[in-house]
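Here the structure is laid out as structure tokens; the discussion comes afterwards.
The values are calculated or read from the model by the stated rules, or taken from the named source; none is laboratory data. Every value quoted in this text rests on a predicted model; they were computed, and no experiment measured them. Positions of Cβ are backbone-derived with ideal geometry, glycine not excepted, and every protein chain shown enters the neighbour counts. Calculation scope for accessible area: heavy atoms of the full protein, side chains included, ligands and nucleic acids excluded. Shrake-Rupley method; radii C 1.70, N 1.55, O 1.52, S 1.80 Å.
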Amino acid sequence: MIYVFKTSVDNHSKLESASTLLYQLIPNSKWNFDLEDCDNILRIDSETEITDLVLNNGFFDCIELE
């Protein structure tokens, strides 16, 4: 399933920290950030339900988009 989030990850420093966190939270998923998008989109491809993990990550703000 593909999940799409609007995030507060708006620069490469935050991206590096978020990447480390995502590797720990959802190690078997594929994901990417689009920092060129005005919403700093995070897309995640995961076979398991990850919405709560991402929304409550404690590092960056995010809102799930539909």
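Annotations for the structure displayed:
- Residue selection: F60 satisfies the criterion of being surrounded by 14 or more Cβ atoms within 10 Å (Cβ to Cβ), assigned to a loop (DSSP other than H, G, I, E, B) and of a type outside the set (A, V, I, L, M).
- The C-beta contact set for segment 44-55 (first residue surrounded by 12 or more Cβ atoms within 10 Å (Cβ to Cβ), second residue aromatic (F, W, Y), distance under 6 angstrom, 6+ apart or interchain) comprises I44/Y3; I44/W31.
- Enumeration of residues in segment 24-38 that are part of a loop (DSSP other than H, G, I, E, B), within 15 Å of M1 (Cβ to Cβ), open to solvent by less than 70 Å² (accessible area, probe 1.4 Å) and not β-branched (V, I, T): S29
- Of the listed requirements (1) open to solvent by less than 20 Å² (accessible area, probe 1.4 Å); (2) touching a residue at least 40 places away in the same chain (Cβ under 8 Å), I41 misses just one: (2).
- Residues that are among the aromatic types (F, W, Y), exposed (fewer than 13 other Cβ atoms within 10 Å of the Cβ) and free of Cβ contacts under 8 Å to residues at least 24 places away in the same chain do occur in segment 8-23.
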